[in-house]
Amino acid sequence: MKDYVRRNQKIYDTLATKYLERIKNKSIYEIDFGYLVSYMIKHYFETYGRLPAKVLELGPGAGEVLKIFGEKGCYTSAIELSSKMADVAKKNSPHTIFILKDILSFNYFLQEQFDIVFAGAFLHLFSIEDEKKILCKVNKWMSKEGLFCLYTTLHEKSEEGIFLKDDYGMHIEHFRRRWNKLDLCNFLTDNGFEIIDSFENYEKDREKKWINLILKKS
């Protein structure tokens with residue numbers, strides 16, 4: 001496991017209970033997961049005439065998204081690096097299959113196994129070179145008709161390195177890739193995806209600007 005990935009693993013072990021507390025006291029400015037899930041399922045059904053059956057989430061956090069997909073009849077799986085975060089997610093989505101692995105070394109899903117891949121606040125935890133590897137895996141694991149949803153924060157300048165994370169009442173340094181909008185969109189299209197839709201929201205209380213992207217294979 002790479003050093004920066006191991007660093008982030010330890011951080012999310014520490015933050016696991018904080019994530020659980022946060023979903024119990026959600027801010028009105030946070031991303032509406034219910035809307036994102038419903039949007040993807042509706043788009044999939046209108047395009048292909050059937051509901052998505054198999055969903056994979058990368059870095060499921062507290063398991064809120066998995067729970068919503070499960071309630072809509074989907075079979076759910078997740079890859080999580082932090083064992084403590086996986087324990088939290090299991091409480092919210094007990095029927096999900098959790099795989100406790102570093103995604104960079106995991107290669108055991110079948111080709112075109114999933115209808116939807118969801119990656120919220122996940123891709124930006126990796127270097128740009130490792131992000132390319134992850135996108136290649138997603139492209140392989142996603143069906144030809146599949147949809148890929150990711151969201152991340154937007155910044156004026158694209159850069160990566162060790163940055164301070166202080167939005168959970170703790171001052172923690174972690175590895176982060178920051179993207180501006182144009183660079184991110186070009187990066188995704190250069191690595192096998194077409195953007196179907198995107199929308200932004202501003203999380204006022206944490207002063208974060210998010211972009212939510214819905215993609216398909218190009």
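Would it be correct to say that Pro94 is in a loop (DSSP other than H, G, I, E, B) and under 11 Å from the mean Cα position of the chain (by Cα)? Considered against the rule, which asks whether it is in a loop (DSSP other than H, G, I, E, B) and under 11 Å from the mean Cα position of the chain (by Cα), Pro94 comes out as no. Taken together, Ile97, Ile103 contain a single residue that is in contact with a helix residue (DSSP H, G or I) (Cβ under 8 Å, 6 or more places away or on another chain) and within 21 Å of Gln9 (Cβ to Cβ), which is Ile103.
Taking Lys133 as the residue in question, decide whether it is modelled with pLDDT of 95 or more, within 26 Å of Leu15 (Cβ to Cβ) and part of a helix (DSSP H, G or I). When the stated conditions are applied, Lys133 passes them. Each residue in the stretch 78-104 was checked for being closer than 22 Å to Trp141 by Cβ, surrounded by 19 or more Cβ atoms within 10 Å (Cβ to Cβ) and not β-branched (Val, Ile, Thr), and 9 of them qualify. Against the conditions (1) part of a helix (DSSP H, G or I); (2) more than 19 Å from the chain's Cα centre (by Cα), Glu173 satisfies every one except (1). Inspection of the stretch 40-50 identifies no residue that is at pLDDT 90 or above, farther than 20 Å from Phe163 by Cβ, part of a loop (DSSP other than H, G, I, E, B) and hydrophobic (A, V, I, L, M, F, W, C). Close Cβ contacts (under 7 Å, 6 or more residues apart or on different chains) running from residues in the stretch 108-123 that are of a type in the set (Gly, Ala, Ser) to residues that are surrounded by fewer than 23 Cβ atoms within 10 Å (Cβ to Cβ) and assigned to a loop (DSSP other than H, G, I, E, B) comprise Ala119/Gly59.
Filtering Asp183, Asp167, Asp205 for residues that are open to solvent by less than 70 Å² (accessible area, probe 1.4 Å), within 22 Å of Arg22 (Cα to Cα) and not in a strand (DSSP E or B) leaves a single hit, Asp167.
The values are calculated or read from the model by the stated rules, or taken from the named source; none is laboratory data. For clarity, every value in this text was computed on a predicted model and none was experimentally measured. For neighbour counting, all protein chains shown are included, and Cβ atoms are generated from backbone atoms with ideal geometry for every residue, glycine included. For the accessible areas, the whole protein counts, side chains as well, though only heavy atoms, and no ligand, DNA or RNA atoms are used. Shrake-Rupley method; radii C 1.70, N 1.55, O 1.52, S 1.80 Å.
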